[in-house]
Structures are given as structure tokens and as C-alpha cells.
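Participant: Quick one: structure below, then a few questions.
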Amino acid sequence: MTDSDFSPDPLVDPAAMRKQYQAAGLDEKDLAAHPMDQFSRWFEDAARAALHGTLYEPNAMVVSTADAAGRPSSRTVLMKHYDTDGFVFYTNYDSRKARELAGNPYISLLFPWHAIARQVIVTGVARRTGRDETAAYFRSRPHGSQLGAWASAQSSVLSSRDELDATYEELDARYPEGEQVPVPPHWGGFRIAPETVEFWQGRESRLHDRLRYVAQPDGAWDVERLSP
Ligand SMILES: Cc1cc2nc3c(=O)[nH]c(=O)nc-3n(C[C@H](O)[C@H](O)[C@H](O)COP(=O)(O)O)c2cc1C
């Protein structure tokens, strides 16, 4: 590709997009001792920004996995739970991401909270959630989403949109609204136990704050400051 392939309107030219971040800084002395407590503080800020309409889907995170040859792939999923043990999302166990995790459980999560000049980046290890935990969450989902989990062979190639819609309609006839939908065996959660958690706060002149928690063998967490 050459420069002449695109001649963008200056208003939408990515090279000209530059925002100054005015936010207050992130200081070591203000950090919680445990990264999940610090995450909880920042998640509440993001969720509050979402209530005011300045940020969408605060629980959306970019999940990156790698295949056996080390080739990475990324996609957005919704974080559905977090606690001191880590982060949980739900997906199809036959999907590309789940197949990659079966061979290589190392994973990266990224919360892109651009609207509040923050991002959180997690690296860690993914393990499947227990079936009871999966079932409890599955039952809390709307009926249509429960059927969707059965209808979609996620990441496989479809012959057409009609194929997907026809499968959904068959399932809707078999399990009408009000009838309990069984938990699909190919569907469930992953819990990510963090090994590092970086909190990034945008500052003026690109002199951002980056504080990274690193898990120690004895279970404690060290914090290091990274150059922006
Ligand atoms: C905002 C948003 C939220 C999403 N949430 C989920 C989710 O929670 N679980 C999921 O499996 N896919 C979710 N998806 C779809 C994934 O991005 C992706 O298309 C799908 O999981 C298949 O990924 P894979 O083929 O790389 O495994 C979401 C997509 C978007 C844009």
C-alpha cells in the first residue's frame, strides 16, 4: 500500500488525531495493595462514566490468545464477573479462542476505557469455570441469548445467514419462551488468574502514568512504574 491509496478528509485523518489528557495522575501511594481492589476502584469509575453516557460497555475487554505457532488473535468479549481470583467471561468452548486456550492457556485482557483516558492490561492464565458456576450464569441470561449459545457453532464457517436463522428458529420451536433451555456442553466460562495487571492513566504531553502489579511466588504483589 502507498500513501496515495487513501487521501483522507483532514477531519478524519488518524495521523492528525491528537488528544491532550488532562486527568489527575496515578501515584504509587494511592494504589490498593491488591490489583483486583485497584481494578474494582477503576471499574467503578468506568461504570459511573457509562451511567453518564460518556463511556460504552465498561465491561467490554479485548481478549488476546495465541495458537501453538505463537500467532496471536484478538476479539472483544464481555467480562461478567471479577473477584480476588480474577476475571470471568463466557464463550463457546469450540471457538477459536477456546481452542487456542486449550493448547496455550496464557492470555491477555485489555480494558480500553478511552473516554476516561485509562486502560487496564492483564496477563495471566485462563482456566475453565466449573459447570455449576457456568450453569448459574447461563440461567441468568435472556431466553434468546440462551438459544443463541446453542444455535451458533462459534468461529465455524457458515454457508449463509439463513443457515443460522433456520437453526435458531428450530431451537425456538423446541424450547419456547418460559421453557428451561439446557446448558450447552460446548459453552461456558473462563476464569483468568492475573500474573500482571497494568494501570495506565493518560497524562499531558504523553507523560502517562503506568503502574504494573507483578505477582510474586509467595503470593504478594510488587508494583513497578513503566516508562510511558
Ligand atoms: C462488545 C462485544 C461483546 C462481545 N462479547 C462476547 C462474549 O462475551 N463472548 C463471546 O464469546 N463473544 C463475544 N463477542 C464476539 C467476539 O468478539 C467474537 O466475535 C467471538 O467470540 C468469536 O471469537 P473467536 O472466533 O476469535 O473465538 C463480543 C463482541 C463485541 C463487539
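The values are calculated or read from the model by the stated rules, or taken from the named source; none is laboratory data. Quick caveat: nothing in here was measured; it's all calculated off a predicted structure. Neighbour counts run over all protein chains shown; Cβ positions are idealised from the backbone, glycine included. Quick note on the areas: whole protein, heavy atoms, side chains included, nothing else; ligands and nucleic acids left out. Shrake-Rupley method; radii C 1.70, N 1.55, O 1.52, S 1.80 Å.
Participant: Roughly how many Å² is the accessible area per residue of the stretch 52-123, as a whole number, for a 1.4 Å probe?
Facilitator: Accessible surface, normalised per residue, equals 48 Å².
Participant: Classify the stretch 85-184 from the C-alpha gyration tensor, please: rounded if a/c falls under 1.5, else prolate or oblate depending on whether a/b exceeds b/c.
Facilitator: It is prolate, given that a/c is not under 1.5 and a/b is the larger ratio.
Participant: Helix 35-51 versus the longest principal axis of the chain: what is the Cα-based angle in degrees, 0 to 90, to the nearest 10?
Facilitator: Taking Cα atoms only, the helix is inclined about 80 degrees.
Participant: Straight-line reach from K80: which lysines fall under 29 Å, measuring Cα to Cα and dropping same-chain residues less than 8 apart?
Facilitator: K97
Participant: Any idea what the relative contact order of the chain is, in percent, if you count C-alpha pairs under 8 Å spaced at least 6 apart?
Facilitator: Once divided by the residue count of the chain, the mean separation gives 23 percent.
Participant: Before anything else, pin down the relative contact order of the stretch 83-176: Cα pairs under 8 Å, at least 6 apart, normalised by residue count, whole percent.
Facilitator: 25
Participant: Semi-axes of the equivalent ellipsoid for the stretch 1-133, please: Cα gyration tensor eigenvalues, times 5, square-rooted, ordered largest first, whole Å.
Facilitator: 29, 25, 14
Participant: By average Cβ neighbour count within 10 Å, what is the ranking of 107-113, 55-61 from highest down?
Facilitator: Most protected by this proxy first, the peptides run 107-113, 55-61.
Participant: How large, in percent, is the carbon and sulfur part of the accessible surface of the stretch 1-160 at a probe radius of 1.4 Å?
Facilitator: The value for the stretch 1-160 is 53 percent carbon and sulfur by accessible area.
Participant: D218: accessible area at probe 1.4 Å, nearest 10 Å²?
Facilitator: Looks like 130 Å² after rounding.
Participant: Something else now. May I ask for the net charge around Q154, where only other residues with Cβ less than 12 Å from the Cβ of Q154 are counted and Lys, Arg are +1 while Asp, Glu are -1?
Facilitator: +3
Participant: Rounded to a whole number, what is D in µm²/s for the chain from Stokes-Einstein with the Kirkwood radius over alpha-carbon pairs (37 °C, 0.692 mPa s)?
Facilitator: This corresponds to a translational diffusion coefficient of 163 µm²/s.
Participant: While we're here: Could you order peptides 70-82, 202-214 by the average number of other Cβ atoms within 10 Å of their residues, highest first?
Facilitator: Highest mean packing first, the order is 202-214, 70-82.
Participant: Determine the sum of side-chain charges near D172: Lys and Arg each +1, Asp and Glu each -1, restricted to other residues whose C-beta is under 13 angstrom from that of D172.
Facilitator: The answer is -4.
Participant: Taking the 0 to 90 degree range and rounding to the nearest ten, how far is the long axis of helix 131-140 tilted relative to the main principal axis of the chain, both from C-alpha atoms?
Facilitator: For helix 131-140, the angle is close to 90 degrees.
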